[in-house]
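Comments concern the structure below.
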Amino acid sequence: MKLNVNGRDHDIEVEPEMPLLWVLRDKLSILGPKFGCGIAQCGACTVFLDGEPVRSCSVTVGEVSGAVTTIEGLMPDGRMHPVQQAWIDEQVAQCGYCQAGQIMTAVALLEAIPNPSDEEIDNAMSGNLCRCGTYPRIRAAIKRAASANAGA
Amino acid sequence: MIRRHVYVIGLAAATLCLPTATAGAQDAGLEAWQKIYSVFSHPRCANCHVEDERPRWSGAHYGATRVHGMNVQRGPDGFGNAGMRCVTCHQQDNAAQLHGPPGAHGWHLAPKEMVWWQKSSQEICEQVKDPARNGNRTLEEIATHVRDDGLVAWGWAPGNGREPAPGSAQETYLLLQQWAAAGAPCPAE
């Protein structure tokens with residue numbers, strides 16, 4: 001089976017029923033996406049499938065027909081993505097476990113809505129849970145990234 | 001003279017029978033509609049035919065009725081909001097994991113005007129017949145939509161212990177045809 005992840009083609013030998021997250025972490029050693037709940041209720045495993053955020057724990061690899069982007073793919077040239085930079089500037093992460101998923105959803109939001117309101121941020125981010133409660137800093141970082149994008 | 005009597009008797013019989021036949025068709029139509037209503041009002045269908053922004057979680061195995069978790073909303077196109085689209089969790093097929101998200105092609109909410117959630121049989125019946133509120137479809141187009149649409153089909157095969165809608169897509173298609181042929185009567189309330 002062929003799988004394109006972060007611009008690179010991989011040949012993998014797996015059952016089509018295997019969740020994409022399993023393939024990424026266990027077969028390809030791409031460890032940015034995290035296992036949280038396993039049933040698409042927490043968002044820690046969020047990756048892009050053809051540019052749309054998906055919960056990779058609940059997508060079987062057999063369903064994947066397009067390109068996969070993980071958080072590792074946000075900086076193909078080694079430069080920090082503006083959302084990642086905003087996360088550092090706002091010191092968002094506490095334990096950090098959910099943050100790869102948070103950042104992927106934030107990137108998807110900003111691509112669709114470059115300058116989101118608080119409500120639009122909540123509407124996008126409510127499916128990404130953070131047990132440390134970093135939500136105020138997540139919101140601040142998204143606004144910072146939006147400002148950085150506007151100024152770029 | 002005999003011929004004339006036969007004619008008169010025949011005319012009288014026809015006059016008597018005509019309303020009876022129409023009432024029979026009406027009854028058959030209403031009977032078909034009642035079965036259609038049992039499908040359309042079933043949680044597998046009605047949970048996503050809501051008039052507000054939020055799909056529902058309800059049905060035999062769901063416990064108390066709730067709005068969909070995770071602040072899930074209709075969004076501008078019925079397919080969710082930016083960053084959290086329906087397809088973010090609902091893929092082409094049901095997730096295999098217990099309590100995982102169900103899936104079918106094109107997961108989304110029905111347009112607001114096609115509201116079935118907590119609507120009466122008469123209200124849904126009138127909505128289904130109204131082109132302004134049924135996607136400008138003829139009754140035949142509604143029947144084929146019910147028979148052929150992949151997301152609609154999920155309602156009869158929801159998987160993972162979820163209670164399916166009654167009957168089948170084909171049975172509901174035939175019921176819609178019977179109902180339409182009988183003049184598409186709606187129940188009075």
Exercise. When you look at A:V61, is it touching a strand residue (DSSP E or B) at 6+ places or on another chain (Cβ under 8 Å) and over 22 Å from B:A82 (Cα atoms), yes or no?
Worked result: yes
Seminar exercise, completed: Filtering the stretch B:103-125 for residues that are out of contact with any Leu (no Cβ under 7 Å at 6 or more places or on another chain), among the small types (G, A, S) and buried (at least 17 other Cβ atoms within 10 Å of the Cβ) leaves a count of 3
For this session: Report, by residue number, each residue of the stretch A:82-104 that is in a helix (DSSP H, G or I) and within 21 Å of A:I39 (Cβ to Cβ).
Result: A:Q99, A:A100, A:G101, A:Q102, A:M104
Problem set entry | In the stretch A:17-29, residue farthest from the other protein chains (Cβ to nearest Cβ) [restricted to those that are aliphatic (A, V, I, L, M) and under 22 Å from A:L129 (Cβ atoms)] | A:L24
Exercise. What residue, of B:A110, B:A143, B:A153, B:A96, is small (G, A, S), modelled with pLDDT of 95 or more and over 19 Å from B:K35 (Cα atoms)?
Worked result: B:A110
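Residue by residue, here is whether (1) assigned to a strand (DSSP E or B); (2) at pLDDT 95 or above; (3) within 17 Å of the chain's Cα centre (by Cα) holds:
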{"site": "A:H10", "(1), (2), (3)": "yes, yes, no"}
{"site": "A:V14", "(1), (2), (3)": "no, yes, no"}
{"site": "A:L21", "(1), (2), (3)": "no, yes, yes"}
{"site": "A:L24", "(1), (2), (3)": "no, yes, yes"}
{"site": "A:K34", "(1), (2), (3)": "no, yes, yes"}
{"site": "A:A40", "(1), (2), (3)": "no, yes, yes"}
{"site": "A:G43", "(1), (2), (3)": "no, yes, yes"}
Exercise. Could you count how many residues in the stretch A:69-81 are surrounded by fewer than 19 Cβ atoms within 10 Å (Cβ to Cβ) and not in a loop (DSSP other than H, G, I, E, B)?
Worked result: 1
For this session: Tell me which of these A:G133 doesn't satisfy, since it passes every other one: (1) in a loop (DSSP other than H, G, I, E, B); (2) crowded, with 23+ Cβ neighbours inside 10 Å; (3) not hydrophobic (A, V, I, L, M, F, W, C).
Result: (2)
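One line per residue, one yes/no per condition, for (1) among the acidic types (D, E); (2) crowded, with 17+ Cβ neighbours inside 10 Å; (3) farther than 18 Å from B:K112 by Cβ:
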position	(1), (2), (3)
B:E140	yes, no, yes
B:G150	no, no, yes
B:A153	no, no, yes
B:W179	no, yes, yes
Exercise. For A:N115, all conditions in the list (1) within 22 Å of A:K34 (Cβ to Cβ); (2) touching a residue at least 24 places away in the same chain (Cβ under 8 Å) hold save one; what is the number of the exception?
Worked result: (1)
Problem set entry | Hits in the stretch B:87-102 (condition: crowded, with 23+ Cβ neighbours inside 10 Å and either more than 7 Å from every other protein chain (Cβ to nearest Cβ) or small (G, A, S) (or both)) | B:H90, B:A95
Seminar exercise, completed: So, first residue closer than 15 Å to A:A150 by Cβ in the stretch A:82-93, second residue at pLDDT below 95 and among the polar types (S, T, N, Q), Cβ within less than 8 Å, six or more apart or across chains; the pairs are A:P82/A:N149
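Let's see how each residue does on (1) within 14 Å of another protein chain (Cβ to nearest Cβ); (2) farther than 17 Å from B:M70 by Cβ:
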site: A:C42; (1), (2): yes, no
site: A:G51; (1), (2): yes, yes
site: A:S58; (1), (2): yes, no
site: A:E63; (1), (2): yes, yes
site: A:G66; (1), (2): yes, yes
site: A:T70; (1), (2): no, yes
site: A:L74; (1), (2): no, yes
site: A:H81; (1), (2): no, yes
site: A:A86; (1), (2): no, yes
For this session: Go through (1) within 8 Å of another protein chain (Cβ to nearest Cβ); (2) surrounded by 18 or more Cβ atoms within 10 Å (Cβ to Cβ); (3) more than 27 Å from A:I30 (Cβ to Cβ) one by one and return the number of the condition A:D122 breaks.
Result: (2)
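The values are calculated or read from the model by the stated rules, or taken from the named source; none is laboratory data. As the structure is a prediction and not an experimental result, all values here were calculated from the model. FYI the Cβ positions are ideal-geometry reconstructions off the backbone, even for glycines, and counts take in every protein chain you see.
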